[in-house]
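Q: Quick one: structure below, then a few questions.
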Amino acid sequence: MRLLTVYYKKHLSFGALRKTVSGRVTDIADKRQDGKTDYTIHDSCLSAFAMMVFQDPSLLAFQKRLELGQNKNNLKTLFNVSKIPQSTQLRDILDNVAPSDLEPLFKDFFRPLQRGKHLDLFRFLDDRYLITIDGSQYFHSENISCPQCLRKKSKDGTISYYHQVMAAALACPGMRQIIPMAPEPIENTDGETKQDCEINAAKRLVRKIRHDHPKLKIVITADSLHSKQPMVDVLKLHGMSFILVAKPSDHKTIYQWFSDFKAMGEIQRIECQDLKKRTHVYEWYNGLPLNDTKNADEVNYVEYTIVGKDGRINYHNSWVTDIVISKSNVENIVKGGRARWKIENEAFNTLKNQGYHLEHNFGHGQKALSYNLLLFNFLAFFMHQIFELTDTLYQRCRQTFTSRKEYWNQLRCTIRLHVFPSWQSLLNFILDPEQGLPPP
């Protein structure tokens, strides 16, 4: 039987990453009483992870299919699950797992990427790495709730319950892939307003990133909500640089300073034209006060405008940064600032609309179930991003399908019909079914 050549990094292979997850969840202390442990924490976690890896839209349907046909055996061969838990038991078990026991898996996946020099592709401004952060909602209901839910009361008295998360991803202008990091839940104890909640969660997220990556040279990029003194202070405290959107309506002081210097002809400016005859204008000034308080930090301010060949403004934005802006780096600083959208488009949009079902209620629970399932969803996305970067066989398979959804639909259908001893054997069969099935 002819086998296709497989090119992948052994330490970043499906098997290695799956073993990493197994090792981490096996170490979770089981506090249940003896006699009430028909299903292990390991098998529950790996069953949920398998569902996310294969992008199945329903926990209940996934569990039922596992009990029929070939899926049960594939879960054993691919994910090392000994006994498949019923959906109710799985939810109960995951509801009681502390998220802090699962979040280190993001660092576990990150380290072999770093050791394998794959992060070199993401270098930004010499030896720095750009991390974009943003908040997103992943659950909303007027009927289902838990003590961790955020609450919003409408004018007619209706109460909505929802969950939000602050997410972070390592990104780079020009790179399609992103590297997710452990997120931070936005909890109902943060405050009653959205701004308080997101900012406080963002501060915790920054501390978490620095704890997990103490030596990484980091540039944080985020929207205008974060370009205020308290957040800048937290970033400086943790040794992080920043490129943060600064809207004139939110930063009247710095915008007034810049306008005054511009009127006096003291700002720096360059412009260039692209192949579409659009004019790109960069204007900046180093050393402006972030706000009008006595102890305001001095930051560097840049405005960027794209003017179409018809004279109309196609795009305009502005940022503050602690990086000294010059003619040699202003274009890259602006690219870094504009890369903020990558966490919205490459992460949230993909997770919500391209097969990961981020906003689907897989299960809510009363403790940590909803957030733990989100973690497994993010982790499955992380695994897929690793394969896109390092696994030639995965890449070749993916290229044979027009869409991500079509690709994963095919993989789900295939494991319902056949048993595969390994991930590589599954992909080999998808790529060339004529080679036949591997031996059992």
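The values are calculated or read from the model by the stated rules, or taken from the named source; none is laboratory data. No experiment lies behind these values; they were computed from the predicted model shown. Cβ atoms come from the backbone with ideal geometry, glycine included; neighbour counts cover every protein chain shown. Calculation scope for accessible area: heavy atoms of the full protein, side chains included, ligands and nucleic acids excluded. Shrake-Rupley method; radii C 1.70, N 1.55, O 1.52, S 1.80 Å.
Q: Give the carbon-plus-sulfur fraction of the accessible surface of segment 88-229 in %, rounded to a whole number; probe 1.4 Å, heavy atoms of protein chains only.
A: 46 percent
Q: Please quote Rg/Rh for the chain to two decimal places, taking the Kirkwood radius as Rh and restricting both calculations to Cα atoms.
A: My calculation of the ratio gives 1.01.
Q: Give me the percent of the accessible area of segment 317-375 that comes from carbon and sulfur atoms, probe 1.4 Å, all protein chains in place.
A: Accessible surface attributable to carbon and sulfur in segment 317-375 totals 42 percent.
Q: Which order, highest average first, do 425-431, 370-376 follow once you tally other Cβ atoms within 10 Å for each residue and take the mean per peptide?
A: 370-376, 425-431
Q: Now, a different point. Helix 194-212 versus the longest principal axis of the chain: what is the Cα-based angle in degrees, 0 to 90, to the nearest 10?
A: 70 degrees
Q: Accessible area per residue of the chain at 1.4 Å probe, in Å²?
A: Value returned for the chain: 47 Å² of accessible area per residue.
Q: Ok, one more. For segment 106-156, just list the percent of Cα-Cα distances falling in each 10 Å bin from zero outward, please.
A: 16, 29, 18, 19, 16, 2
Q: Now a separate question. Below 11 angstrom from the Cβ of Lys262, what's the summed charge of the other residues (Lys, Arg +1; Asp, Glu -1)?
A: -3
Q: Give me the angle, in degrees from 0 to 90, between the Cα long axis of helix 14-26 and the longest principal axis of the Cα atoms of the chain, rounded to the nearest 10.
A: 90 degrees
Q: I've got another one for you. Would you be so kind as to identify which of Thr305, Gln410, Ser136 lies farthest towards the positive end of the dipole of the chain, taking Lys and Arg as +1 and Asp and Glu as -1 on Cβ and the Cα centre as origin?
A: Checked the options; the winner is Gln410.
Q: Right, here's the next one. Which pairs in the list Lys152/Lys203; Lys215/Lys367; Lys155/Lys367; Lys83/Lys203; Lys277/Lys335 are over 31 Å apart, alpha-carbon to alpha-carbon?
A: Beyond 31 Å between Cα atoms: Lys215/Lys367; Lys83/Lys203.
Q: To the nearest 20 debye, what is the magnitude of the charge dipole of segment 71-218 about its Cα centre, counting +1 on the Cβ of each Lys and Arg and -1 on the Cβ of each Asp and Glu? Display every interim value, and only then the final one.
A: Values: 23 positive and 18 negative charges, 111 e Å.
The dipole of segment 71-218 has a size of about 540 debye.
Q: Separate question: Report, to the nearest 10°, how far helix 369-390 tilts away from the longest principal axis of the Cα atoms in the chain, using its own Cα long axis and a range of 0 to 90°.
A: The angle comes out at about 80 degrees.
Q: Rank-order 311-320, 199-208 by packing density, defined as the average count of other C-beta atoms within 10 Å over each peptide's residues, highest first.
A: Ranked from most to least packed, the peptides come out as 199-208, 311-320.
Q: Still on this structure, please answer the following. So what is the 222 nm mean residue ellipticity for the chain from helices alone, if each DSSP H run of at least 4 adds -39500 (n - 2.57) and you divide by all residues, rounding to the nearest 500 deg cm²/dmol?
A: Calculated from helices alone, the mean residue ellipticity at 222 nm is -12000 deg cm²/dmol.
Q: For segment 151-263, what does the alpha-carbon gyration tensor say about shape, rounded, prolate or oblate, given a ≥ b ≥ c as the root eigenvalues, a/c under 1.5 as rounded, and a/b over b/c as prolate?
A: Oblate shape, in that a/c is at least 1.5 and b/c is the bigger or equal ratio.
Q: For segment 210-351, give the magnitude of the charge dipole about the Cα centre (Cβ charges: +1 Lys/Arg, -1 Asp/Glu; no others), in debye to the nearest 20.
A: Approximately 360 debye in magnitude.
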